[in-house]
1. Taking 7 Å along the Cα-to-C-beta vector as the label spot, tell me the residue 44-residue 291 distance in nanometres, rounded to one decimal.
2. Taking the Cβ of residue 258 as the center, what net charge do the other residues with Cβ under 10 Å away carry, scoring Lys and Arg +1 and Asp and Glu -1?
3. Given H placed 1.01 Å from N in the peptide plane, which residues other than close sequence neighbours of residue 396 have an amide H under 5 Å from its amide H?
4. List the residues whose amide H sits under 5 Å from the amide H of residue 373, counting only those 5 or more places along or on another chain, with H placed 1.01 Å from N in the peptide plane.
5. Please report how far the C-alpha centroid of the range 376-414 lies from that of the range 291-308, rounded to the nearest whole angstrom.
6. Over 24 Å between Cα atoms: which of 86/121; 86/170; 293/481; 121/183; 268/481 fall into that group?
7. How much length is gained on full extension from residue 4 to residue 379, taking 0.36 nm per residue of separation minus their Cα-Cα distance?
8. Cα centroids of the range 256-280 and the range 78-114: how far apart, whole angstrom?
Amino acid sequence: MGQKRFERVLKQQQRAVETAESVKRQRGPSIRERVAAYNTELIAAADLSAVRGWSSSDATTSARDEGFSRVHFSNLDVRVDPVAMKEALRRFVTDVAREAGVEDETVGDVNVGTFGPCRPKTRRDRDREHRGFATCAFQSATDAEAVAMMASGRALNVGTDSVVREIRAKVDSNNEYDDEFVKGLRGKVPVVKEVKEEVRKKWNLSELCDSLPMRESCLSTHTRFSDLDGYLRVRFLEYLSTTVPAMPELAGVVLAMEKTSPQYLRVKELLESIEVFKLVVAHLQSAENLRRKVHYDTFFDLACGHGLVGVMLAHAFPGRRVRSFDVARRPAFLAFCHGFANIGHARGSLSPRIEASNVDDCEEKPALPNIDFTHGDIVAAKAFLNDASFVIALHGCNELNKIAVDMARDINALWCVMPCCIKTNIYIPNAIVSKLNDDARYAFMCGAIAAMHDAQLIRSIDVRITNRAIVLCGGITGYVKGCFFMDGSAKILRERAQ
């Protein structure tokens, strides 16, 4: 490497280090912010009842009418503290008055022009301690004129840190610099705005989806709740505690499980399961409101996987039964059962009822009393289905959705599916589907499933959560269009009160 190139690289590295350090340095308040803070304190501490407005009588009243004359001193050093300036100017005026033959008893008090509610600081005043002028009253106009003439042009030295300035002095014959003006109390009464407490905006699902770690088009599958930074954790907990109004304890479940089983708290799975849970409850309420004599007492969670939706249903409806089916029971299933079992049903209760323990210490039987797990193929559920059943299959692949819906329709049960992989030949065997991108093909095939099974509700959760976001519901006997209730919180609250 040549010498010049070596020196250039060193300079580039040095600039990079300086840039990084400047970024790390915390920026202080801006000029506008500092001035605004000063004025806020100034107005808060001022006596606004002493403010005097501009009026014709004030403008025409002379100092002689008030029985004294006033001298106006200007070009003062604004960086000096007003108290120090007042003392120095008082000594200066006394010395000048003696030279002019004016007795000390006729010299009044010195008032330095300060900022007030009617004359707050502006940006150019940011480093000023006062307004750069002062006044002094004299008992006679002759004494005032003599002092003003002798003081004008003289130097005033306040101290070692002060700049020596030549004083300009004149008699205030029109009473322009009265006490209210000097103290910043002459003018309009400032409008004091009520300081309202900042209301934290409600969580927004779009905000969460835009802020959370993403893959190409949807949330990252590996991000856990424990991976989130402080702000996102707070916003996510706000979402958990309010998204289902009847179940604010969801936030408590997640916080408790973070200590015992954090590996199962994947953000994508939590959001996905909660959004689908809300649709399942809404579909249940719609069906039971339309057919008031029908009570769907058993949920069948087929190919349940981690089983969070089924566990939430068991927790929300303790008087109903949940039967989960899959070829293998995941540890996450037991962890979620244990997490919800430790949380009280009371609204707002976030404290565990029993001491939390590691999921590995859980018994084989799920901790919730109204949920069961069955090892095996989903076809095994057919023997237990009846017209009071609710069949659920989330992210079922290929023919699983068809099997689940067919079993439900055979006995007039409710059903809800969220398809994942869909083979064309299962639903439209004689059609060729080509030149459709993945999203278009998925939506088209969901439409084919809905048409084949006479779906009554087709709804999508936020596609930023998952690119397999369409939920299909059906099975309501006597269905009429417009019978759906999209908020099932009332049903959860009623059943918990029983």
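Every read-out reported here was derived from the displayed coordinates using simple, explicitly stated rules and does not represent laboratory data. A quick note: this is a predicted structure, and the numbers were derived from the prediction, not measured. All Cβ positions, glycine included, derive from the backbone under ideal geometry; neighbour counts span all protein chains shown.
1. 6.4
2. +3
3. 418, 420
4. For residue 373, whose amide H was placed from the backbone, the distant partners under 5 Å are 324.
5. Measuring centre to centre over Cα atoms gives 10 Å.
6. Long pairs (Cα-Cα over 24 Å): 268/481.
7. 127.3 nm
8. With the range 256-280 and the range 78-114 each reduced to a Cα centre, they are spaced 75 Å.
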